Amino acid sequence: MGCGYDNVYQARLAAEELRSEINRHDYLYYVLNQPEISDAEYDELMRKLRAIEEHYPELVTPESPTQRVPGQPVETFGVVEHRVPLLSLANAFNFEELRAWYRRACVLGEVEGFDMVVEHKIDGLSVALVYEDGRLVQGATRGDGLRGENVTENLKTIRSIPLFLRGNDVPPRFEVRGEVYMPKDAFEKLNEELAARGQKLFMNPRNAAAGSVRQKDPRVTASRKLDIFVYQLGWCDGPHPRKHWDILQWLQEMGFRINPNNVLCHTLEEVQQQWERWVEGRYQLPYEIDGLVVKANDLDIWDRLGAVGREPRWAIAYKFPPVEATTRLLDIRHNVGRTGTINPYAVLEPVKVGGVIVKQATLHNEDIIKSRDIRIGDWVVVHRAGEVIPQVVGPVVGRRTGEERPYEPPTSCPACGGEVVRPPGEAMRYCINPSCPAQAFRWLTHFVQRAAMDIDGLGEKWIEALMREGLVEDPGDLYYLREKRDRLLSLERMGPTLADKILRNIEESKKRPLDRLIFALGIRHVGSEVAELLAYEFGSIDRLSQASLEEISRIPGIGPKIAESVYQWFRNERNRKVLEKLRRAGVNMGDAASKEAKDGPLKSKVIVFTGSLKSMTRSQAQELVRRLGGMAKDTVTRNTDYLVVGEDPGSKLAQAQRYGIPTLSEEEFLDLLRRHGVEV
Ligand code: IVH
């Protein structure tokens, strides 16, 4: 196929234009987080450039964006001598130590006080990138600080590392330093893939990033999702700003990705506020940090303070309590999930991780336990990733005594003693006893939760009591509790006020929209998003329960595994009985009208809300969207059509901006509704 240009001169011009266009979009996307075009449009630019370069190979330049494709594997990496050593940092583990550092720096620097730049201390690996005449010529690891490995080819595959720089202010030759890291979600995904292939897993995102950059085969590096934050000017031939803060801005203008969370602080108290903000806030970040780096802003102070050994006096790492700790794995036990899954969990010798005491941790499934070779009695590394339950990362093999016992998965249900099976192709074992009380309990707690039928007041304790007294066996029974009010009142610590409140909330829940009910049914693999799709497509439980496997699979976004699970759920005798109870009680099971709404003016439009609205509640707004045939969703994805932004918007706004999704103010949203005849 031709490339659309008659001669090499025209083609050269076009290629140059495309390269600078692509470079600009890379900058907007990776550095500023403000893309102007869609992924598809970006791909189209790349396709055109590739076509030209294929037709005229002599036009390919080493820094063309097409050259991010990985080169040939190498036997060993070359050695790079760092012109200026890469230093490491001294640590401060509390405010006292931070203050001691600051005071000493003031004395030695002969100043009263100084401004500081506070940055995240990213948990990755540091690299040094050399640019000549605006082009990336070398990328190296830190190594021992004096000598590192030449990993240029691998680093070129990281899209946020610019291959050539922007602007007229670029020094002839200089080096920048930064941290290459693997985002948390990419790390989780990578480990899942490695586990599925039976390969060795990475302990943490840092090891995964280091392992990926130091791959002999650049194709492997290219397949890993890596990113960079540039945090320092290494050395520079040519003039540059004399304040670190200004250097970071200057580097960003040239095209480097600078952490948007960097702040300039004037006092130690401001630094402390940052520490307090991020010690908990770190769990919401897409990457791991183990502290803050505090740097004097003025480079004159750097020069005056110098370094002791490998540690500069003008910077310090202000660490957080570690999220990882080692402890003994005392036992592996199991709980039974809502759909009968047998979930192994670790019983640990209590240990402090990230500031809290941890006694239990998840172990996911038996394949992961096997592939990590975790044995009972092992010393294990425990990792706390935030709100979620801590995880056992792996054993400390060197501390084994020989007394450790390998894990044996259970052959009968730990809750009811029933039969346990492991379906082919699945990582979990399941209890298949339909009347397993542990499953019923989980189903009930799932059914009443906020995102499902939202029955306030029915906590786990009450569900346990109701089950013990034989008042409920499944979610359907909840709607007949009214008839058993006396027995409800006979429960220990249950008074008439509470009982009536619970009964009222149960009544209220009958009106929940169809998608909530579908989610509440607890069908395996059906989360709120899938439930919304099913509600939108079928409009009622009747239609959904009669749908064929093909009809369900045809819905975009629903894979064969989900379709099979939904289809089978409605074929199950016990489930049908529960549905019948719900129907008789008058629970909303959708109707044809909601199906009709599909052809409404917001047909197929996906709308997400963030922040609070003044004129209505979030669920009222979502209901209106549904009435007009649109889909109201909770998370922003590339498929979102509009984000409605209320007061105090959350992180969804940044996400939408990243994907270039249009936003509507509350007023604009109301206008949209009014235009479609809704009175608001
Ligand atoms: S500055 C002299 N800034 O932490 C300055 N380092 O223990 C040394 N790191 O090897 C580096 N985030 O790999 C700096 N914002 C940041 C950093 C950072 C992570 C790493 C870097 C370095 C280690 C120092």
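The values are calculated or read from the model by the stated rules, or taken from the named source; none is laboratory data. As the structure is a prediction and not an experimental result, all values here were calculated from the model. Reconstructed Cβ throughout: ideal geometry from the backbone, glycine too, with neighbour counts over all protein chains shown. These area figures cover heavy atoms from the full protein model, side chains too; ligands, DNA and RNA do not enter into them. Shrake-Rupley method; radii C 1.70, N 1.55, O 1.52, S 1.80 Å.
Any idea how many residues of the stretch 405-438 are buried (at least 19 other Cβ atoms within 10 Å of the Cβ), in contact with a Lys or Arg (Cβ under 6 Å, 6 or more places away or on another chain) and more than 22 Å from N191 (Cα to Cα)?
1
Looking at the stretch 75-97, I want the residues that are away from the ligand (no atom under 16 Å from the Cβ) and have a partner that is acidic (D, E) with Cβ atoms under 6 Å, at least 6 apart or on another chain. Which pairs are those?
Final answer for the pair search is F77/E149.
Considering the stretch 160-178 alone, what residues qualify as being part of a strand (DSSP E or B), open to solvent by 20 Å² or more (accessible area, probe 1.4 Å) and modelled with pLDDT of 95 or more?
Those that are part of a strand (DSSP E or B), open to solvent by 20 Å² or more (accessible area, probe 1.4 Å) and modelled with pLDDT of 95 or more: R173, R177.
With respect to the numbered conditions (1) away from the ligand (no atom under 16 Å from the Cβ); (2) touching a Lys or Arg at 6+ places or on another chain (Cβ under 8 Å), which one is the sole condition not fulfilled by E153?
Every listed condition holds for E153 apart from (2).
Looking only at the stretch 206-231, how many residues end up being open to solvent by less than 60 Å² (accessible area, probe 1.4 Å), farther than 18 Å from L285 by Cα and among the charged types (D, E, K, R)?
Total meeting the criteria: 2.
Restricting the search to the stretch 536-556, which residues are over 23 Å from L624 (Cβ atoms), in a loop (DSSP other than H, G, I, E, B) and either open to solvent by 20 Å² or more (accessible area, probe 1.4 Å) or in contact (Cβ under 8 Å) with a residue 40 or more places away in the chain (or both)?
S548, R554, P556
Write out, first by first residue and then by second, each pair whose Cβ atoms fall under 8 Å of each other, whose residues are 6+ apart or on separate chains, and whose first residue, in the stretch 351-368, is without any contact (Cβ under 8 Å) to a residue 60 or more places away in the chain and on the phi > 0 side of the Ramachandran plot while the second is β-branched (V, I, T) and open to solvent by less than 60 Å² (accessible area, probe 1.4 Å).
The qualifying pairs are G354/V323.
Considering every residue within the stretch 228-238, establish whether at least one is β-branched (V, I, T), within 16 Å of the ligand (Cβ to nearest atom) and assigned to a strand (DSSP E or B).
Checked against the condition, which is being β-branched (V, I, T), within 16 Å of the ligand (Cβ to nearest atom) and assigned to a strand (DSSP E or B), the stretch 228-238 yields at least one hit.
Scan T362, T326 and give me the residue that is among the hydroxyl-bearing types (S, T, Y) and open to solvent by 50 Å² or more (accessible area, probe 1.4 Å).
It is T326.
Check whether at least one residue in the stretch 32-54 is hydrophobic (A, V, I, L, M, F, W, C) and within 16 Å of the ligand (Cβ to nearest atom), and report yes or no.
Within the stretch 32-54 (the criterion being hydrophobic (A, V, I, L, M, F, W, C) and within 16 Å of the ligand (Cβ to nearest atom)), the answer is no, since none of the residues qualifies.
In the stretch 573-587, is there at least one residue being without any contact (Cβ under 8 Å) to a residue 24 or more places away in the chain, open to solvent by less than 20 Å² (accessible area, probe 1.4 Å) and either part of a helix (DSSP H, G or I) or under 16 Å from A520 (Cα atoms) (or both)?
no
Given the criteria modelled with pLDDT under 90, open to solvent by 30 Å² or more (accessible area, probe 1.4 Å) and in a loop (DSSP other than H, G, I, E, B), does A385 qualify?
Answer is yes for this residue.
Could you list, in sequence order, the residues of the stretch 263-281 that are under 21 Å from the mean Cα position of the chain (by Cα) and in contact (Cβ under 8 Å) with a residue 40 or more places away in the chain?
Listed by number, the residues that qualify are W278, V279.
Return the pairs, sorted by first residue and then second, in which the second residue is modelled with pLDDT of 95 or more and of a type in the set (D, E), the first residue lies in the stretch 474-500 and is under 20 Å from V587 (Cα atoms), the beta carbons are less than 8 Å apart, and the residues are 6+ apart or on different chains.
Once the first residue is under 20 Å from V587 (Cα atoms) and sits in the stretch 474-500, its partners that are modelled with pLDDT of 95 or more and of a type in the set (D, E) give G476/E580; R482/E507.
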